[in-house]
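Encoded as structure tokens, the structure appears first; notes follow it.
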Amino acid sequence: MSTVEARTPWEGSMGGVPMHLDYFEGTMFEAVEKIAAEYPNNIAFDFMGKSTTYKKLVQEVEKCAKALKTIGVRENDCVTIAMPNCPQALYMFYALNMIGAIANMIHPLSAEKEIEFYLNESNSVTAITLDQFYAKFERIRQNTKVVNIIIASIKDELSKPIKAGYMLTEGRKIEKIPSDAPIIRWKDFLKLGRACFYNYRVNRGPDDAAVILYSGGTTGTTKGIVLTNKNFNALGQQVIAANPMFRVGDRMLAAMPLFHGFGLGVCVHTMLSQGGRCILIPRFTAQSYAKQIVKYKCNFIAGVPTLYEALLRLPSMEGADLSCLKGVFSGGDSLSVELKKKFDKFLYDHHAVIQVREGYGTTETVTACCLTPPLLCKEGSIGVPFPDTYIKIVEPGTDKELPYNEEGEILLAGPTVMREYMNHPDETAQTIRTHEDGLRWVYTGDLGTMDEEGFVYFRGRAKRMIISSGYNVYPGQIENILDAHEFVQMSCVIGVPDAYKMQKVKAFVKLTPGTPASKETLDVLMDYCREHIAKYAMPYDIEFKEDMPKTLVGKVAYRQLEEEELKKIAAKEQTANG
């Protein structure tokens, strides 16, 4: 099968989407600025009942850019953003882009040691986070090169009535930061911009580094993925081209987080660079998600399968009118055929005239690069490639293409392919390879097939990874953390099926000689995990083993542990059903 045959079949019967697009050649901020010049009074985003226009967005970004220049942030410096989906995070993100700096996007709920790693890996000179996360940053600050920590607060972006309610509930739980703490508060930070009058804009090109997102790469070790202006701008144009029903002003529910390519690339930058309106949700729950869909009459929603599973069970969705929906996208994990059927029926029962459309992608290509067309879906398929995106199936690790319907490794090429893994040239060379066709191909480590019409089918992950509530969890990282504890001789981490999260994390530990397999030991290890592992990756259980099963080459046979766990679950279910 040639590359030409593997090209996107979007044209014709699949919605009239062009195969090729002319891509915007500026920066991410310039793409948003262009929209703001055209639609200054259109609403760019809503946050907890308060709306912000495109004109105001650009003004706030400029203020933030001047302030960044004043505190010494320069072109190609990295600044860490550890924020939920809130206005200050957007202002900071685009301000960094305006001054030619790089946004290092991390999960605000990361454990202290993880934050320390992200700050050092990126050589961040500045970090911004919320008041409630300040203590974590302060405790590890001396181990990093961070000069300034900017502290924002959700309350600063709320309307007066909502602010009063927030301070009586959530606000009361936030530990007070000492008045002499070595930080810059958000309002004071913006005032610093008054000292900057010129030279705060830096000329950058489409291929310049703009964002760092994190992924396990092909080996399951955390790496920073360096993405460019063009990667994000191209994604925005591709998503809109693949959704010809989109109109300027359409509302997208932005609940997927900003440190995730899906949230940052699709829910936020695609919308803001193409004239859409983001409904920002700072703390994701199925309840908050459902409430905002109905309140704002959202046209597009994106989420992971666990979200759609949860919406099916929400009493508050009874009687909800979802006729406003134009697109429902599922990504981050495989959408089972059964769940798709259930959710499609749910949409139909709530007056929607569309079905869930499954997509596929990797952080190495920002996020989605493949999507089910609006008018044609095939059971079990993750869709067809976006315009200018190529997918081929090869014998794993080679460049030998396989015939249609034969399983192999999924390779991706196109304008959203990352620049590199930060500080990991060897793994970059292993993951991105230029073939005879001149294209840079990403070796995803995922297995799949392609049919004669170019529809792709995901068959499984060749690399070891757990997906829990849409988050990628890399067992190797958690095992490294556990193995570093004095009580642990050896560990193995697996994913266990879970009705809500799809998978939850379980650890098996062989203790060092003389360490008792007691509740006290378990408590010590769980406390240790809480300190070093992000909440979404925390093991729900640690089981002590006298010995670990081994493969023929002496590695821990994690698949055997997975099978044993599945048997235990099946036995429990059998007992429960009598």
> Restricting to the stretch 349-367, what's the tally of residues that are open to solvent by less than 20 Å² (accessible area, probe 1.4 Å), of a type in the set (Gly, Ala, Ser) and under 22 Å from Tyr471 (Cα atoms)?
Replying inline: 1
>> assigned to a strand (DSSP E or B) and either open to solvent by 20 Å² or more (accessible area, probe 1.4 Å) or small (Gly, Ala, Ser) (or both): which single residue out of Ala302, Ala320, Ala290 fits that description?
In response: Ala302
>> Of all residues being within 21 Å of Cys369 (Cα to Cα) and assigned to a loop (DSSP other than H, G, I, E, B) in the stretch 422-437, which is modelled with the highest pLDDT? Just the residue, please.
In response: His435
> Hey, Glu364 hits all of (1) free of Cβ contacts under 8 Å to residues at least 40 places away in the same chain; (2) over 20 Å from Asp451 (Cα atoms) but one; which does it fall short on?
Replying inline: (1)
>> Looking at the structure I just gave you, is Ile81 more than 24 Å from the chain's Cα centre (by Cα) and touching a residue at least 60 places away in the same chain (Cβ under 8 Å)?
In response: no
> Which condition number in (1) farther than 24 Å from Leu213 by Cβ; (2) assigned to a loop (DSSP other than H, G, I, E, B); (3) out of contact with any Ser or Thr (no Cβ under 7 Å at 6 or more places or on another chain) is the one that Ala352 fails?
Replying inline: (3)
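In the stretch 182-197, which residue that is at pLDDT 90 or above and part of a loop (DSSP other than H, G, I, E, B) is most open to solvent (accessible area, probe 1.4 Å)? Show your work before the answer.
Within the stretch 182-197, the first condition is being at pLDDT 90 or above, and the residues that meet it are 182-194.
With part of a loop (DSSP other than H, G, I, E, B) added as a condition, the list becomes 182-183.
Numbers: Pro182: 74, Ile183: 33 Å².
Top of the filtered list is Pro182.
Any residue at all in the stretch 149-166 that's open to solvent by 20 Å² or more (accessible area, probe 1.4 Å), hydroxyl-bearing (Ser, Thr, Tyr), farther than 24 Å from Met538 by Cα and in a helix (DSSP H, G or I)?
yes
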> How many of the residues in the stretch 508-553 are charged (D, E, K, R), under 23 Å from Glu565 (Cα atoms) and touching a residue at least 60 places away in the same chain (Cβ under 8 Å)?
Replying inline: 1
>> Among (1) under 24 Å from Pro108 (Cβ atoms); (2) not in a loop (DSSP other than H, G, I, E, B), there is one condition Ser491 misses while meeting the rest; what is its number?
In response: (1)
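Quick one: which residue in Met490, Met548 is more than 27 Å from the chain's Cα centre (by Cα), open to solvent by less than 40 Å² (accessible area, probe 1.4 Å), more than 26 Å from Ala310 (Cα to Cα) and modelled with pLDDT under 85? Before you say what the answer is, go through the steps one by one.
Working: Met490 fails: open to solvent by less than 40 Å² (accessible area, probe 1.4 Å).
That would be Met548, the only listed residue that is more than 27 Å from the chain's Cα centre (by Cα), open to solvent by less than 40 Å² (accessible area, probe 1.4 Å), more than 26 Å from Ala310 (Cα to Cα) and modelled with pLDDT under 85.
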> When the residues of the stretch 393-433 are filtered to those that are over 26 Å from the mean Cα position of the chain (by Cα) and among the β-branched types (Val, Ile, Thr), which remaining residue is farthest from Gly361 (Cα to Cα)?
Replying inline: Thr398
>> Would you confirm whether or not the stretch 208-215 contains a residue that is over 21 Å from Phe137 (Cα atoms), modelled with pLDDT of 95 or more, open to solvent by 20 Å² or more (accessible area, probe 1.4 Å) and in a loop (DSSP other than H, G, I, E, B)?
In response: yes
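What's the total number of residues in the stretch 388-421 that are in a loop (DSSP other than H, G, I, E, B) and surrounded by 21 or more Cβ atoms within 10 Å (Cβ to Cβ)? Steps first, answer last, please.
Residues of the stretch 388-421 in a loop (DSSP other than H, G, I, E, B): 388-389, 395-400, 402-407, 414-419.
Among the residues that remain, those that are also surrounded by 21 or more Cβ atoms within 10 Å (Cβ to Cβ) are: 388-389, 414-418.
Count: 7.
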> Within the bounds of the stretch 63-83, is there any residue that is at pLDDT below 95 and surrounded by 19 or more Cβ atoms within 10 Å (Cβ to Cβ)?
Replying inline: no
> Within the stretch 133-173, how many residues are within 26 Å of the chain's Cα centre (by Cα), at pLDDT below 95 and over 17 Å from Lys113 (Cα atoms)?
Replying inline: 7
> Would you pick out the residues in the stretch 87-117 that are farther than 16 Å from Val268 by Cβ, of a type outside the set (S, T, N, Q), touching a Cys at 6+ places or on another chain (Cβ under 8 Å) and open to solvent by less than 10 Å² (accessible area, probe 1.4 Å)?
Replying inline: Ala101
> So, in the stretch 374-387, of the ones that are surrounded by fewer than 22 Cβ atoms within 10 Å (Cβ to Cβ) and in contact with a Gly (Cβ under 7 Å, 6 or more places away or on another chain), which residue ends up modelled with the lowest pLDDT?
Replying inline: Leu375
> Hey, does the stretch 54-63 have a residue that's in contact with a strand residue (DSSP E or B) (Cβ under 6 Å, 6 or more places away or on another chain) and among the hydroxyl-bearing types (Ser, Thr, Tyr)?
Replying inline: yes
>> Cβ-Cβ distance below 9 Å, separation of 6 or more or different chains: which pairs start in the stretch 310-327 with a residue that is charged (D, E, K, R) and at pLDDT below 85 and end on one that is crowded, with 20+ Cβ neighbours inside 10 Å and assigned to a helix (DSSP H, G or I)?
In response: Arg313/Ala286
> What single numbered condition from (1) assigned to a helix (DSSP H, G or I); (2) out of contact with any Phe, Trp or Tyr (no Cβ under 9 Å at 6 or more places or on another chain); (3) open to solvent by 40 Å² or more (accessible area, probe 1.4 Å) fails to hold for Asn231?
Replying inline: (3)
>> Checking Asp527 against (1) at pLDDT 90 or above; (2) open to solvent by less than 50 Å² (accessible area, probe 1.4 Å); (3) of a type outside the set (A, V, I, L, M): exactly one of these is not met. Which one?
In response: (2)
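The values are calculated or read from the model by the stated rules, or taken from the named source; none is laboratory data. Computed from a prediction, not measured in an experiment: that's the story for all the values here. Ideal geometry is used to build each Cβ from the backbone, glycine not excepted, and the neighbour counts take in all protein chains shown. The area values use the complete protein model at the heavy-atom level, side chains included, leaving out ligands, DNA and RNA. Shrake-Rupley method; radii C 1.70, N 1.55, O 1.52, S 1.80 Å.
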